[in-house]
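Q: Okay, handing you the structure first.
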Amino acid sequence: MARRILTALVGAAVMGIGAHAASAATLDDVKAKGFVQCGVNTGLAGFASPDAAGNWNGFDVDYCKAIAAAVFGDATKVKYTPTSAKERFPALQSGEVDVLARNTTWTINRDTALGFNFRPVNYYDGQGFMVRKSLDVKSALELSGAAVCVQTGTTTELNLADYFKSNNLQYNPVVFEKLEEVNAAYDAGRCDVYTTDQSGLYSLRLTLSKPDDHVILPEIISKEPLGPAVRQGDDQWFDIVTWVHYALIQAEEFGVTQANVEEMKKSTNPDVQRFLGVEADSKIGTDLGLTNEWAVNVIKAVGNYGEIFDRNIGAGSPLKIERGLNALWSKGGIQYAPPVR
């Protein structure tokens, strides 16, 4: 009897290990279905939003395209799952999406208890406040007693409570689950203040009925390191998503762009040769389970990090957000890629 019980337990353990290994092979699953399923925002201008024809565009969307380009050599092999703040984590946990690229803050709880892996920060952000100019408010410290619109299920909601408590200020939260509901409430005057990540405020201001009637206050009340997230238990997929970001950073540092990437393959710089997979005996792709052309394919599809930033949220976009901390480390920012060796 004891032997039969032991055999059954060992068998169950082996089955469990096998099941975990199978569920961990995200790259194999992605290749088998022929596309990357990417969780994105339901609609945030500059980051993720569909156009009139249903084509998705934005900073986070370009990361989805970049991952598809790395895996398939084709940036169109991606499908988008719009998720609210409440829906995004169950979608990733359940396997409904392969990667979450949805202006999501890296926190200890999400990195541990929720079972996710974060590593690269593709946008260093911080929470801010937007108010109507007619209120004549110059600082967030003048907001005591204000009604504040905020989206539930976010770090924004928690930071808001901490900020007002630590500064002995009173406020009335006006809470909604969906981003569209928060936007509509603020635009309709149901609250005095809108709070979210400052990048989001720049985006959301463009959608208001009278954008010029609103001002973003100078205070940044939190650290919001935003970046893609994947499920724990699959180091290969984690590495692929991570190094796609680092490739975008490294490309900008090397001066490799969407327009010149083919020409740069002729560079005599060994670091550039290695990065672009043309160095003899290069393992830049095989170590990840990809082809050695994966970085070239990424840059051909979306350009380098600076190009993605500028056209979606920076100087070349309606948002006109400055690079700030998101500039390269060599240009006063903190965006930095480990060596490609």
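Q: Out of everything in segment 131-153 that is touching a residue at least 60 places away in the same chain (Cβ under 8 Å) and buried (at least 20 other Cβ atoms within 10 Å of the Cβ), what residue ends up being farthest from Glu180 (Cα to Cα)?
A: Taking the candidates together, the pick is Ala140.
Q: For segment 219-228, state whether one or more residues are closer than 19 Å to Lys320 by Cα and open to solvent by 50 Å² or more (accessible area, probe 1.4 Å).
A: Checked segment 219-228: at least one residue is closer than 19 Å to Lys320 by Cα and open to solvent by 50 Å² or more (accessible area, probe 1.4 Å).
Q: Please work out if Ala70 is buried (at least 24 other Cβ atoms within 10 Å of the Cβ) and of a type in the set (A, V, I, L, M, F, W, C).
A: Values: buried (at least 24 other Cβ atoms within 10 Å of the Cβ): yes; of a type in the set (A, V, I, L, M, F, W, C): yes.
Yes, satisfied.
Q: Before we move on, is Glu322 among the acidic types (Asp, Glu) and part of a helix (DSSP H, G or I)?
A: Working: among the acidic types (Asp, Glu): yes; part of a helix (DSSP H, G or I): no.
Criteria not met by Glu322.
Q: Sticking with this one: So is Arg190 within 26 Å of Pro318 (Cα to Cα) and open to solvent by 20 Å² or more (accessible area, probe 1.4 Å) or not? Walk me through how you get there before you give the answer.
A: On the way: within 26 Å of Pro318 (Cα to Cα): no; open to solvent by 20 Å² or more (accessible area, probe 1.4 Å): yes.
Answer is no for this residue.
Q: Next up: Within the bounds of segment 79-94, is there any residue that is touching a helix residue (DSSP H, G or I) at 6+ places or on another chain (Cβ under 8 Å) and either farther than 21 Å from Ser49 by Cα or of a type in the set (Lys, Arg) (or both)?
A: Within segment 79-94, the first condition is being touching a helix residue (DSSP H, G or I) at 6+ places or on another chain (Cβ under 8 Å), and the residues that meet it are 80-81, 83-85, 89.
Pick out the ones that are also either farther than 21 Å from Ser49 by Cα or of a type in the set (Lys, Arg) (or both) and you get none.
No, the conditions are met nowhere in segment 79-94.
Each row is one residue, and each column tells you yes or no for (1) at pLDDT 95 or above; (2) open to solvent by 60 Å² or more (accessible area, probe 1.4 Å); (3) at negative phi.
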site: Ile17; (1), (2), (3): no, yes, yes
site: Ala24; (1), (2), (3): no, no, yes
site: Gly34; (1), (2), (3): yes, no, no
site: Val40; (1), (2), (3): yes, no, yes
site: Tyr63; (1), (2), (3): yes, no, yes
site: Glu96; (1), (2), (3): yes, yes, yes
site: Arg102; (1), (2), (3): yes, no, yes
site: Phe116; (1), (2), (3): yes, no, yes
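Q: So which residues in segment 237-285 are touching a Gly at 6+ places or on another chain (Cβ under 7 Å), part of a loop (DSSP other than H, G, I, E, B) and under 17 Å from Leu328 (Cβ atoms), if there are any at all?
A: Thr257, the sole residue that qualifies.
Q: Please verify whether Tyr163 is among the aromatic types (Phe, Trp, Tyr) and surrounded by 21 or more Cβ atoms within 10 Å (Cβ to Cβ), treating the condition exactly as stated.
A: On the way: among the aromatic types (Phe, Trp, Tyr): yes; surrounded by 21 or more Cβ atoms within 10 Å (Cβ to Cβ): no.
For Tyr163, the condition - among the aromatic types (Phe, Trp, Tyr) and surrounded by 21 or more Cβ atoms within 10 Å (Cβ to Cβ) - is not met.
Q: Next question. For the structure I just gave you, tell me whether Glu180 is open to solvent by 30 Å² or more (accessible area, probe 1.4 Å) and either within 17 Å of Phe89 (Cβ to Cβ) or in a helix (DSSP H, G or I) (or both).
A: Working: open to solvent by 30 Å² or more (accessible area, probe 1.4 Å): yes; either within 17 Å of Phe89 (Cβ to Cβ) or in a helix (DSSP H, G or I) (or both): yes.
It is true that Glu180 is open to solvent by 30 Å² or more (accessible area, probe 1.4 Å) and either within 17 Å of Phe89 (Cβ to Cβ) or in a helix (DSSP H, G or I) (or both).
Q: Residues in segment 325-341 that are over 21 Å from Ile240 (Cβ atoms) and open to solvent by less than 50 Å² (accessible area, probe 1.4 Å): how many? Explain how you work it out, then say what you get.
A: Step one: list which residues in segment 325-341 are over 21 Å from Ile240 (Cβ atoms), which gives 325-334.
Filter once more, keeping what is open to solvent by less than 50 Å² (accessible area, probe 1.4 Å): 326-328, 333.
Within segment 325-341, residues that are over 21 Å from Ile240 (Cβ atoms) and open to solvent by less than 50 Å² (accessible area, probe 1.4 Å) number 4.
Q: Now a separate question. In the list Asp287, Asp212, which residue meets the criterion of being open to solvent by 60 Å² or more (accessible area, probe 1.4 Å) and either among the basic types (Lys, Arg) or within 23 Å of Lys65 (Cα to Cα) (or both)? First the steps, then the outcome.
A: Working: Asp212 fails: either among the basic types (Lys, Arg) or within 23 Å of Lys65 (Cα to Cα) (or both).
None of the others qualify; the one that does is Asp287.
Q: So how many residues does segment 297-323 have that are open to solvent by 50 Å² or more (accessible area, probe 1.4 Å) and at positive phi?
A: Of the residues in segment 297-323, 1 are open to solvent by 50 Å² or more (accessible area, probe 1.4 Å) and at positive phi.
Q: Of these, Thr83, Thr107, which one is within 24 Å of Cys149 (Cβ to Cβ), modelled with pLDDT of 95 or more, of a type in the set (Val, Ile, Thr) and in contact with a strand residue (DSSP E or B) (Cβ under 8 Å, 6 or more places away or on another chain)?
A: Values: Thr107 fails: in contact with a strand residue (DSSP E or B) (Cβ under 8 Å, 6 or more places away or on another chain).
Just one listed residue meets the conditions, Thr83.
The values are calculated or read from the model by the stated rules, or taken from the named source; none is laboratory data. Keep in mind it's a predicted model, so treat the numbers as computed, not measured. Here Cβ is always computed from backbone atoms with ideal geometry, including for glycine, and neighbour counts include all displayed protein chains. The area values use the complete protein model at the heavy-atom level, side chains included, leaving out ligands, DNA and RNA. Shrake-Rupley method; radii C 1.70, N 1.55, O 1.52, S 1.80 Å.
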